[in-house]
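Q: This structure is in structure tokens; I'll ask about it shortly.
The values are calculated or read from the model by the stated rules, or taken from the named source; none is laboratory data. Here the structure is a predicted model, which is why all the values come from computation and not from measurement. Because the Cβ atoms are built from the backbone with ideal geometry, glycine has one as well, and the counts that use them run over all protein chains shown. Calculation scope for accessible area: heavy atoms of the full protein, side chains included, ligands and nucleic acids excluded. Shrake-Rupley method; radii C 1.70, N 1.55, O 1.52, S 1.80 Å.
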Amino acid sequence: MNGVSTDTHADTDAAIIQASLGDPDRFAVIYDRYAATLYRYAHQRVGAEGADDVVADAFLSAFRGRGQYDLSRPDARPWLFGILTRKLASHHRKEKARYRAMARAAPDGVLEGPADEVATRVIADAARRPLAAALAALSRGDRDVLLLVAWGQLSYDEVAAALSIPPGTVGSRLNRARRKVREALGGVDPSGMSEEER
Amino acid sequence: MTPNPTLPDELRLVEEFGETLKPTGAHPPADLRHRVMHAVRHDRSRGGLLPRTASWPAGARLAWRIGAPATVAATIAAGLIAGNVANVAGNAPAPPTAETSTPAPTGTPAPAGASGVLLLAAQHAEATPLAAARDNQFVYVESVEVRSKTGKDGKTRVEGPVRVRTWLSVDGTRDGLVTEDTGARTKLSGCRNGLRAETIDRPDTTPKVPCVPEPAYQHTDVPTDPDGLLTYLYDPADNHDHYVWILEPGSRKGRYVKISEDQRAFMRLAGLLWQNHSPAVQAAAFRAAARIPGVELRPAVTDAAGRAGVAVTRTEIGVREELVFAPGTYAFLGHNSIAAEYRVTGPEHTGQPPGAVDSVRIQDLGSMKPGTILQKWSILRTGIVDRAGQRP
């Protein structure tokens, strides 16, 4: 534990973020590591029209706030997802409206393919409208937790770090969100298919 | 249909629903990267943490990074002269050090020993014949680097020596190249029509930003008289305080320590010696170095290639910067950064510093061993070639 180094040698996110304090160009490394992941998530939540703006805003906020980055966390993914989540909050109404529109939309046409694959897609399609309706009806906090887990692939601890809430709160929000989704699925039996689809 | 025994629960259904909402391509829109990095680049006026002069940081960091990996060399080449030229051309008020041809001493004058070595080095450079070099050619620099790396475990290891070959554009407008015997290759974006690649990590695909060419074997914009060069090193257009950010392993919050103007001039000198190989520039640089307060002589050092040398040094904030010369001929061999006893003379800050941040270090103040190599680079040979990648 002795000696000195420029941390530009180390390639953890934390080291690169610190190096970007003196050399803003280094921040490009963070962008290249996480842009695709963050963009995919934003696209899922607000669609192609809003995703660009949200991701650009999130990266710029991350850049401005990099001086406050917690250096004990080598992986910046939860931090970036946290910032992105706050940016998504301003698109809250649009996001809800989008889910509602999906809930009203007619299901896709004829399904073709191997039987198993078709079965899976039938389940997903059967659930699509009630799922969209459920997401629209969730509270913002519950929806953030549910989607960070299901779409962002964050662990409970990472969600807790991203949203600055205790892990216990992550668990309770996720349980509540899952229960509401189950309820909203209503006639659709998540462990099979609803009557009308058989 | 028979029920699937591994049927999805509601979380899995949400996941599958999400699959249908993903963008079609694997990558975000191409212009998003430009948008973000452009915003980042133009955001410097907002934060106190950010250097306020757009092109300064690369040059300021130089001495810290010059022996570091190829990408670092790329930063150096990309930033040094451009920053200086832009700043010298500006109308910003000059700091007190620039009002006279000799900076006001803030330390003890250079001892005769260091002055003597620098004088002999200047004479050696002046006696070096000027090579015939056309604007579209390259300075080939074969060098050896030793680097220290701090791993995630906090332990520092010395790596190398690594053989590095660098091609620097004679007039600064052509794309240069850095290759290592480790296989790494980095393109140095030339400054053409006032534009160069915005970032060093993807010069081919990143948008261009304004620049000023940084010649490697011309001195149209770099003074060749010691007075002028000294002013150039002290950079009168830059009136900000500069800081190094220091983090002790295990702690979460670092602190900022101000770097003196003299140390920064000495560090920029080392960078200039890497970037510009004109004999006239190098001679002026050595004469100017003798007038930077606080330089010292260190009779027995070793360069990155293992050659014995005599060094002119300047020490600050726990690091000794060494310019190494061959004993006997006083040819310039290279540059070392060595850990020294940690002593702070400048002001310290926690939280945001009131100026620009030049470099970042992880440093164990309690048990840091003086003498630890931070980095070294030394030049084995140079030559003029027609193409980047071609050896003389």
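Q: Every residue in the range A:33-48 that is in contact with a helix residue (DSSP H, G or I) (Cβ under 8 Å, 6 or more places away or on another chain) and among the small types (G, A, S), please. Outline the logic, then answer.
A: Looking only at the range A:33-48, we keep the residues that are in contact with a helix residue (DSSP H, G or I) (Cβ under 8 Å, 6 or more places away or on another chain), and these are A:33-35, A:37-39, A:41-47.
Answer for the range A:33-48, where residues must be in contact with a helix residue (DSSP H, G or I) (Cβ under 8 Å, 6 or more places away or on another chain) and among the small types (G, A, S): A:A35, A:A42, A:G47.
Q: Related question: Starting from the range B:309-332, keep only residues that are more than 14 Å from chain A (Cβ to nearest Cβ), then list their pairs with residues that are among the basic types (K, R) and outside any loop (DSSP other than H, G, I, E, B) whose Cβ atoms are within a distance under 6 Å, requiring at least 6 positions of separation or different chains.
A: These pairs meet every condition: B:A311/B:R298; B:T313/B:R298; B:T313/B:R320.
Q: Let me ask another. I'm checking my understanding of the structure. Among residues of the range B:240-252 that are under 19 Å from B:G346 (Cα atoms) and open to solvent by 50 Å² or more (accessible area, probe 1.4 Å), which one is modelled with the lowest pLDDT? So that I can check it myself, show each step before the final result.
A: Start the filter on the range B:240-252 by keeping residues that are under 19 Å from B:G346 (Cα atoms), which leaves B:240-248.
Retained after the next criterion (residues that are open to solvent by 50 Å² or more (accessible area, probe 1.4 Å)): B:241, B:248.
Details: B:D241: 80, B:E248: 66.
The selected residue is B:E248.
Q: Turning to a different aspect of this structure: Among what's in the range B:151-184 and is within 14 Å of chain A (Cβ to nearest Cβ) and open to solvent by less than 20 Å² (accessible area, probe 1.4 Å), pick the residue that is modelled with the highest pLDDT.
A: B:V162
Q: With the requirement that a residue be of a type outside the set (V, I, T) and closer than 24 Å to B:T220 by Cβ, what does the range B:278-310 give you? Step through it out loud before you land on a result.
A: Taking the range B:278-310 as the starting set, the residues that turn out to be of a type outside the set (V, I, T) are B:278-280, B:282-291, B:293-294, B:296-300, B:303-309.
B:S278, B:P279, B:A280, B:Q282, B:A283, B:A284, B:A285, B:F286, B:R287, B:A288, B:A289, B:R291, listed by residue number.
Q: Something else about it: If B:T106 passes every condition in (1) at pLDDT 65 or above; (2) in contact with an Asp or Glu (Cβ under 9 Å, 6 or more places away or on another chain); (3) open to solvent by 60 Å² or more (accessible area, probe 1.4 Å) but one, which one does it miss?
A: (1)
Q: Here's a follow-up. Please enumerate the residues belonging to the range A:26-58 that are open to solvent by less than 30 Å² (accessible area, probe 1.4 Å), at the interface with another protein chain (Cβ under 8 Å from one of its Cβ atoms) and farther than 30 Å from A:M102 by Cα.
A: A:F27, A:A28, A:Y31 - these are the residues of the range A:26-58 that are open to solvent by less than 30 Å² (accessible area, probe 1.4 Å), at the interface with another protein chain (Cβ under 8 Å from one of its Cβ atoms) and farther than 30 Å from A:M102 by Cα.
Q: Determine whether the range A:67-77 contains at least one residue that is modelled with pLDDT of 90 or more, of a type in the set (F, W, Y) and within 27 Å of A:A161 (Cβ to Cβ).
A: no
Q: Considering only residues that are more than 7 Å from every other protein chain (Cβ to nearest Cβ) and modelled with pLDDT under 50, look in the range B:5-19 and name the one that is nearest to A:L148 (Cα to Cα).
A: Restricting attention to the range B:5-19, the residues satisfying the condition of being more than 7 Å from every other protein chain (Cβ to nearest Cβ) are B:5-6, B:12, B:19.
The next check asks that each one be modelled with pLDDT under 50; those that pass are B:5-6.
Numbers: B:P5: 27, B:T6: 23 Å.
Across the range B:5-19, the extreme among qualifying residues is B:T6.
Q: Taking the range A:59-78 on its own, how many of its residues are within 9 Å of chain B (Cβ to nearest Cβ) and under 16 Å from the mean Cα position of the chain (by Cα)?
A: 1
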